[in-house]
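See below for the structure under consideration.
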């Protein structure tokens, strides 16, 4: 573990990436943001900084959306995102306001970045040292070390060009792609094809292919349905590093909320929104407790399908129920939050447990929905890095198994699957947790639906398939309700905490237009 210095942060972009868009058109307007996920928090900050009077109305008892915290008997669990990736995006976000992340929270770089337990007994650590990782790859396949160099060169080029010209630059319409700049910048990018084919062109060993593709879980996809463009994630993984914000991802939420309050944003919790009435200049956002918030414009960071299907009348919806039923959704998850006695020395802060052939698990997510018999899953032990998240002499651990959105969910199914997962952890990592658990909570499909109004209980939103990427994602501006906008993972650029921060900037731009 290494603490990140100011010099490290400058290398990731710092204030050099400060955004200079003109948002002055919203000065003095009353704007309500529904939902306080990272997209909603980001949008609120940009609009408040431009002079708007912003109120964020949150359904649940705490801010952060899916980045909620669970506190039990001295344990603090990040309920949602737990990987701090793409530090340059956070630097650029805070830089817009003349701030830096370390003004609000501190970071440590993880070493190893993560550990992989293959279910044939093999175990590898991926390190901050790229040369060491090249040697690891070479040990599996002659020439794979140099192949990793070539792959990461391609990944870095894709990241740098893609982020600046296709992520931070919003292109919501087909005509936005019909210019010479797009042709110039897209030259050399893998705009067609799938990740599986792209990775196979560099590495033959199936374990190396898995290492290069595990990050697709963060995008809610599979190797066979995610565009090859997302090879950029390997630059994020190998070259940019994996970090931990002290206090967990909840500390990042706290930091952005503190920034938002400094900018004048007001927050209201425990107010589930039931209706968006009116139009530009005369909106009323109503909640189930009888509160009404008046606004000139409204931004929804709530689940997009829920917003349209439940908060608007039929004549004001852009998309039909059939449209939402036909989408490919990112996985839901079976989560076990565990407070355990003693240490779990065998595990790293981030650990992955992978079958040597994970195709069956992906098929149960996207092709033939079912609870997987031989799951690939993720284990997080933040107490390896942070003493504050567990009582002395205890470990904080959660297990996350990606499962198909929309699966049947019941106490009986959860109990059966709990037994399977605990057995699998013991068999494949050497950590037997059964007689050491002092705190235990589960979270699954029905909870994502109930807590976040999530379509089919997806944990992330719409998957990044070729037909659901870029301009094929739902619009951030309503075509049916003047003055209604959307932010968060359903819009561009898509899934993940950094992408939702950027979504906030792009939505603020759309409001200002």
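The values are calculated or read from the model by the stated rules, or taken from the named source; none is laboratory data. Treat the numbers as computed from the prediction; the structure is a model and nothing was measured. With ideal geometry, Cβ positions are generated from the backbone for all residues, glycine too; neighbour counts draw on all protein chains shown.
Exactly one residue out of 407, 433 is under 13 Å from residue 329 (Cβ atoms) and touching a helix residue (DSSP H, G or I) at 6+ places or on another chain (Cβ under 8 Å), and it is 407.
The residues in region 203-254 that are over 20 Å from residue 466 (Cβ atoms), touching a helix residue (DSSP H, G or I) at 6+ places or on another chain (Cβ under 7 Å) and in the same structural domain as residue 166 (by TED's automatic domain parsing) can be counted, and the count is 4.
If you take the residues of region 292-309 that are touching a residue at least 40 places away in the same chain (Cβ under 8 Å) and more than 22 Å from residue 28 (Cα to Cα), which of them is surrounded by the fewest Cβ atoms within 10 Å (Cβ to Cβ)? If we take residues in region 292-309 being touching a residue at least 40 places away in the same chain (Cβ under 8 Å) and more than 22 Å from residue 28 (Cα to Cα), then 306 is surrounded by the fewest Cβ atoms within 10 Å (Cβ to Cβ). Output the residues belonging to region 18-47 that are more than 24 Å from the chain's Cα centre (by Cα) and either at pLDDT 95 or above or not in a helix (DSSP H, G or I) (or both). Of everything in region 18-47, those that are more than 24 Å from the chain's Cα centre (by Cα) and either at pLDDT 95 or above or not in a helix (DSSP H, G or I) (or both) turn out to be 20, 21, 22, 23, 27, 28, 29, 30, 31. Could we say that residue 445 is crowded, with 18+ Cβ neighbours inside 10 Å, more than 26 Å from the chain's Cα centre (by Cα) and touching a residue at least 40 places away in the same chain (Cβ under 8 Å) here? Spelling it out, it is not the case that residue 445 is crowded, with 18+ Cβ neighbours inside 10 Å, more than 26 Å from the chain's Cα centre (by Cα) and touching a residue at least 40 places away in the same chain (Cβ under 8 Å).
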